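Heads up: the structure comes next, in structure tokens.
Only the coordinates and a few stated rules stand behind these numbers; no lab work does. Since we're looking at a predicted model, the values are computed, not measured. Methodologically, a virtual Cβ is constructed for each residue, glycine included, from the backbone with ideal geometry; neighbour enumeration extends over all protein chains shown.
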Ligand code: PXP
């Protein structure tokens with residue numbers, strides 16, 4: 001199973017102060033050095049974290065395949081066609097949400113999605129649909145011609161421990177069915193070290209896309225060194 005690291009929240013820190021650092025490109029290079037298999041970035045319509053220029057630089061200047069998450073809107077599809085990332089993951093997007101809530105309504109937006117899948121696929125981009133664990137939706141993704149689905153693990157990951165078994169069962173059944181249909185199956189959203197054990201029970205997973213928990217963890221992994229470095233810099237003070 002492969003790991004795609006979502007580096008959106010490195011850009012969140014940068015946008016919070018309008019600085020040029022921390023640069024998601026530097027983060028991607030560190031992820032590659034650490035053994036990650038891919039980089040994911042979500043170019044949201046409101047540009048709250050990742051910016052257009054980040055996407056071009058992430059495609060050209062770091063070694064891992066880029067998975068561009070995006071809503072099915074014309075202006076972003078145009079950017080995808082110009083950047084040509086290895087993969088595009090189509091996600092639903094609402095302006096006010098904190099993060100992607102729920103999977104795509106594939107049946108409800110079938111015709112619009114079909115056109116986008118076709119034009120991205122024709123450009124040689126692997127197209128993935130971010131979807132809830134639901135068998136009918138897997139069939140619709142197959143009918144769309146999308147080669148890949150990303151199962152939304154958020155409901156499972158955010159659930160109370162006593163509600164998790166049924167949600168995990170749904171993910172397992174859906175992953176099996178998607179695999180039988182010949183779809184490549186990825187999974188992501190809300191995965192952290194505490195809930196990873198359950199996620200590992202889902203069969204046929206090609207890639208886990210994980211962002212927030214890794215970037216949060218890296219703050220504490222690096223904080224001691226960052227304080228020590230600042231203290232060392234302050235040694236030169238002569239009063
Ligand atoms: N996959 C998709 C399609 C997402 O929208 C996100 C969040 O941007 C992730 C994976 C990563 O989720 P998290 O940041 O909770 O690990």
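See the values below:
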{"read-out": "Folded to 0 to 90 degrees: helix 24-34 orientation relative to the chain principal axis, Cα", "value": "80 degrees"}
{"read-out": "The chain: angle of helix 8-17 to the longest principal axis, Cα-based, in degrees nearest 10", "value": "50 degrees"}
{"read-out": "Rule-of-thumb Rg ratio for the stretch 148-239 [Cα; 2.2 N^0.38 Å; N residues]", "value": "1.62"}
{"read-out": "Between the stretch 113-179 and the stretch 72-86, the alpha-carbon center distance in angstrom", "value": "21 Å"}
{"read-out": "Cα long-axis angle, helix 135-144 against the chain (0 to 90 degrees, to the nearest 10)", "value": "90 degrees"}
{"read-out": "Rg [Å, one decimal], Dmax [Å, integer] - the chain, C-alpha atoms", "value": "18.9, 72"}
{"read-out": "Two-decimal Rg/Rh across the stretch 1-77, once Rg and the Kirkwood Rh are taken from alpha-carbon atoms", "value": "0.96"}
{"read-out": "Estimated 222 nm signal from helices in the chain, with DSSP H stretches of n ≥ 4 weighted -39500 (n - 2.57), rounded to 500", "value": "-14500 deg cm²/dmol"}
{"read-out": "Spin-label pair residue 23/residue 212, simplified geometry with 7 Å Cα→Cβ offset, distance in nm", "value": "2.8 nm"}
{"read-out": "Shape call, the stretch 75-175: gyration tensor on alpha carbons, a/c limit 1.5", "value": "prolate"}
{"read-out": "Approximate spin-label separation residue 98-residue 32, in nm, with each point projected 7 Å along Cα-to-Cβ", "value": "3.3 nm"}
{"read-out": "Residues residue 204 and residue 105, FRET efficiency given R0 of 22 Å [Cβ-Cβ distance, rounded to 0.05]", "value": "0.40"}
{"read-out": "Modelled FRET efficiency - R0 30 Å, residue 164 with residue 143, Cβ distances, 0.05 increments", "value": "0.45"}
